[in-house]
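Below is one structure, written out as structure tokens; the observations come after it.
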Amino acid sequence: MAGRWLSSLLMPLRHPRAGFTLLELLIVIFIISLISAGFVRVLVGFGGTTLSLEDETRRLHRLLTLTAQQAILQGNDIGLLVEADGYHFVLPVKDYSLAFEDDDLLQYHQLPQGWRLELQQDGQVIPPVEVAINKEATEKETKQPAPSIIFYGSGEITPFQLRIYAIDHPEPTVVEAKENGEIEVRFQEPDQ
């Protein structure tokens, strides 16, 4: 009798199991959902053009506000060179500018492909600069373009309007700075 009981316990172990466990199925579903989420982000661009444009504008606004505060705290002027599709923060040094290479926030930033920046000062569009800032150029004292915008250590800012245009978006967003140091952001209201 003991032999039958023991053989009935071992019986299920002799047969290979068929199917998957619940845990295995959950892991597979989790991996598939991660892969799908990655494809969706690539296809839609992290929330679509409108959301990305607003995110990029808010990022730029925070970065410009931080730069203005940093200029005041350090008592040094900080310049901003505006390209057609990106921007550089620089330190005015003699006739050339030294780029922020070691600062994660103030490094060169390029907009997504097809986006562009338009700088306006005193109601006029300022042509974008072409910058070739790198360590070798600054060590050789290569003349770089003067910053379009300067954040002064006194708290003042060169007044400007910086418009960000995105692909497939009819209206730009605007970051505007006044001479007294106020920096504002404006989003275009969608037509309804």
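The values are calculated or read from the model by the stated rules, or taken from the named source; none is laboratory data. Quick caveat: nothing in here was measured; it's all calculated off a predicted structure. Every residue, glycine as well, gets a Cβ built from its backbone with ideal geometry; the counts of neighbours run over all protein chains shown.
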- prompt: Mind checking which residues of segment 66-93 are within 28 Å of GLN113 (Cβ to Cβ) and surrounded by 17 or more Cβ atoms within 10 Å (Cβ to Cβ)?
  reply: THR67, ILE78, GLY79, LEU80, LEU81, VAL82, GLU83, TYR87, HIS88, PHE89, VAL90
query: When both residues are 6+ apart or on different chains and their Cβ atoms are under 9 Å apart, which pairs have a first residue that lies in segment 161-179 and is under 13 Å from GLN121 (Cβ atoms) and touching a residue at least 12 places away in the same chain (Cβ under 8 Å), and a second that is assigned to a loop (DSSP other than H, G, I, E, B) and among the acidic types (Asp, Glu)?
result: GLU176/GLU182; GLU179/GLU156
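Within segment 55-106, considering only strands (runs of 3 or more DSSP E) that don't extend past its boundaries, which have at least 1 residues that are at pLDDT below 85 and under 16 Å from VAL174 (Cα atoms)?
Values: elements: 78-82, 86-93, 96-99.
By residue number, no strands (runs of 3 or more DSSP E) qualify.
Can you say whether GLU118 is under 21 Å from ARG59 (Cα atoms), at pLDDT below 85 and either among the basic types (Lys, Arg) or under 20 Å from the mean Cα position of the chain (by Cα) (or both), as far as the supplied structure shows? Steps first, please.
Numbers: under 21 Å from ARG59 (Cα atoms): yes; at pLDDT below 85: no; either among the basic types (Lys, Arg) or under 20 Å from the mean Cα position of the chain (by Cα) (or both): yes.
The answer is no for GLU118.
Does ASP168 qualify as being farther than 18 Å from THR65 by Cβ, part of a loop (DSSP other than H, G, I, E, B), modelled with pLDDT under 80 and within 21 Å of the chain's Cα centre (by Cα)? Don't jump to the end; show me each part of the working.
Values: farther than 18 Å from THR65 by Cβ: yes; part of a loop (DSSP other than H, G, I, E, B): yes; modelled with pLDDT under 80: yes; within 21 Å of the chain's Cα centre (by Cα): yes.
It is true that ASP168 is farther than 18 Å from THR65 by Cβ, part of a loop (DSSP other than H, G, I, E, B), modelled with pLDDT under 80 and within 21 Å of the chain's Cα centre (by Cα).
Regarding VAL131, is this residue modelled with pLDDT of 80 or more, touching a strand residue (DSSP E or B) at 6+ places or on another chain (Cβ under 6 Å) and of a type in the set (Val, Ile, Thr)? Give the steps one after another, and end with the answer.
Details: modelled with pLDDT of 80 or more: no; touching a strand residue (DSSP E or B) at 6+ places or on another chain (Cβ under 6 Å): yes; of a type in the set (Val, Ile, Thr): yes.
No.
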